[in-house]
Amino acid sequence: MACGKANPRGLQLDLYWVEGRVETRYRLPAYVQGFPGAAHGGVLCTILDEVMAWAAIETTGRFYVTGEMNVRFLAPAVPGDEIVARGMIAED
(Lines give C-alpha, C1' and ligand atoms only; values in the text may rest on other atoms or scores of the structure.)
Protein backbone atom coordinates (compact mmCIF):
# COMPACT_ATOMS: atom_id res chain seq x y z
CA MET A 1 0.00 0.00 0.00
CA ALA A 2 2.72 2.48 0.85
CA CYS A 3 5.99 1.61 -0.92
CA GLY A 4 5.08 -1.32 -3.17
CA LYS A 5 5.30 -0.50 -6.86
CA ALA A 6 2.96 -3.34 -7.93
CA ASN A 7 -0.13 -1.74 -6.37
CA PRO A 8 -1.47 0.87 -8.82
CA ARG A 9 -3.68 2.34 -6.08
CA GLY A 10 -0.89 2.53 -3.51
CA LEU A 11 1.23 5.54 -2.61
CA GLN A 12 4.34 4.03 -4.27
CA LEU A 13 6.67 5.84 -1.91
CA ASP A 14 10.38 5.94 -2.65
CA LEU A 15 12.27 5.38 0.60
CA TYR A 16 15.89 6.41 1.13
CA TRP A 17 18.45 5.79 3.86
CA VAL A 18 19.84 9.26 4.67
CA GLU A 19 22.26 9.99 7.51
CA GLY A 20 20.98 7.29 9.86
CA ARG A 21 17.29 7.58 9.07
CA VAL A 22 14.73 6.58 6.46
CA GLU A 23 13.25 9.42 4.46
CA THR A 24 10.65 9.89 1.76
CA ARG A 25 9.45 12.89 -0.21
CA TYR A 26 5.92 12.74 -1.52
CA ARG A 27 3.77 15.20 -3.43
CA LEU A 28 0.26 14.86 -2.02
CA PRO A 29 -2.18 14.24 -4.89
CA ALA A 30 -5.60 15.89 -4.89
CA TYR A 31 -7.37 12.59 -4.20
CA VAL A 32 -5.91 12.38 -0.65
CA GLN A 33 -7.94 15.41 0.42
CA GLY A 34 -10.07 14.93 3.53
CA PHE A 35 -11.54 18.29 4.50
CA PRO A 36 -11.19 21.02 1.86
CA GLY A 37 -7.55 22.11 1.68
CA ALA A 38 -6.24 19.35 3.96
CA ALA A 39 -4.86 15.89 3.26
CA HIS A 40 -6.61 13.04 5.08
CA GLY A 41 -4.84 12.18 8.35
CA GLY A 42 -5.03 8.45 7.62
CA VAL A 43 -2.91 8.91 4.49
CA LEU A 44 -0.38 10.96 6.44
CA CYS A 45 -0.27 8.29 9.16
CA THR A 46 0.32 5.62 6.51
CA ILE A 47 3.37 7.55 5.31
CA LEU A 48 4.65 7.96 8.87
CA ASP A 49 4.04 4.27 9.59
CA GLU A 50 6.14 3.32 6.58
CA VAL A 51 9.18 5.43 7.47
CA MET A 52 9.04 4.31 11.10
CA ALA A 53 8.91 0.63 10.23
CA TRP A 54 11.67 0.89 7.63
CA ALA A 55 13.88 2.81 10.04
CA ALA A 56 13.66 -0.14 12.44
CA ILE A 57 14.18 -2.67 9.64
CA GLU A 58 17.20 -0.88 8.16
CA THR A 59 18.77 -0.27 11.57
CA THR A 60 18.44 -3.82 12.92
CA GLY A 61 18.10 -6.03 9.84
CA ARG A 62 14.92 -7.55 11.32
CA PHE A 63 11.37 -7.15 10.01
CA TYR A 64 8.93 -5.03 12.05
CA VAL A 65 5.35 -3.82 11.88
CA THR A 66 3.81 -1.01 13.90
CA GLY A 67 2.07 -2.18 17.07
CA GLU A 68 0.89 1.21 18.24
CA MET A 69 1.00 4.74 16.89
CA ASN A 70 -0.02 8.06 18.41
CA VAL A 71 0.03 11.17 16.20
CA ARG A 72 -0.71 14.79 17.02
CA PHE A 73 -1.05 16.95 13.93
CA LEU A 74 0.28 20.48 14.26
CA ALA A 75 -0.94 21.90 10.93
CA PRO A 76 -2.71 20.60 7.84
CA ALA A 77 -0.78 19.14 4.94
CA VAL A 78 -2.19 20.57 1.72
CA PRO A 79 -2.86 18.44 -1.36
CA GLY A 80 -0.43 19.52 -4.06
CA ASP A 81 2.36 20.20 -1.56
CA GLU A 82 5.45 18.01 -1.28
CA ILE A 83 5.98 16.63 2.19
CA VAL A 84 9.05 15.01 3.73
CA ALA A 85 8.66 12.20 6.26
CA ARG A 86 11.61 10.92 8.29
CA GLY A 87 11.84 7.89 10.54
CA MET A 88 14.72 7.12 12.88
CA ILE A 89 15.42 5.06 15.96
CA ALA A 90 15.44 7.29 19.02
CA GLU A 91 15.75 4.50 21.57
CA ASP A 92 16.12 0.71 21.48
Worksheet item: Is it the case that region 17-25 has a residue that's modelled with pLDDT of 95 or more and over 16 Å from the mean Cα position of the chain (by Cα)?
Response: no
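For every residue, the table says whether it meets (1) in contact with a helix residue (DSSP H, G or I) (Cβ under 9 Å, 6 or more places away or on another chain); (2) loosely packed, with under 13 Cβ neighbours inside 10 Å; (3) among the hydroxyl-bearing types (Ser, Thr, Tyr).
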| residue | (1), (2), (3) |
| --- | --- |
| Met1 | yes, yes, no |
| Trp17 | yes, yes, no |
| Ala53 | no, no, no |
| Arg86 | yes, no, no |
| Asp92 | yes, yes, no |
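Restricting the search to region 67-83, which residues are among the aliphatic types (A, V, I, L, M) and either surrounded by 14 or more Cβ atoms within 10 Å (Cβ to Cβ) or under 14 Å from Ala39 (Cα atoms) (or both)? Break it down stepwise before answering.
Step one: filter region 67-83 for residues among the aliphatic types (A, V, I, L, M), giving 69, 71, 74-75, 77-78, 83.
Matches in region 67-83: Leu74, Ala75, Ala77, Val78, Ile83.
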Practice prompt. Name the single residue, out of those in region 26-42 being open to solvent by 50 Å² or more (accessible area, probe 1.4 Å) and not aliphatic (A, V, I, L, M), that is farthest from the chain's Cα centre (by Cα).
Written response: Pro36
Practice prompt. Working only within region 1-48, note down all residues that are of a type in the set (D, E, K, R) and touching a residue at least 12 places away in the same chain (Cβ under 8 Å).
Written response: Arg21, Glu23, Arg25, Arg27
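The values are calculated or read from the model by the stated rules, or taken from the named source; none is laboratory data. Computed from a prediction, not measured in an experiment: that's the story for all the values here. Here Cβ is always computed from backbone atoms with ideal geometry, including for glycine, and neighbour counts include all displayed protein chains. Surface areas here come from the heavy atoms of the whole protein model, side chains and all, with no ligands, DNA or RNA. Shrake-Rupley method; radii C 1.70, N 1.55, O 1.52, S 1.80 Å.
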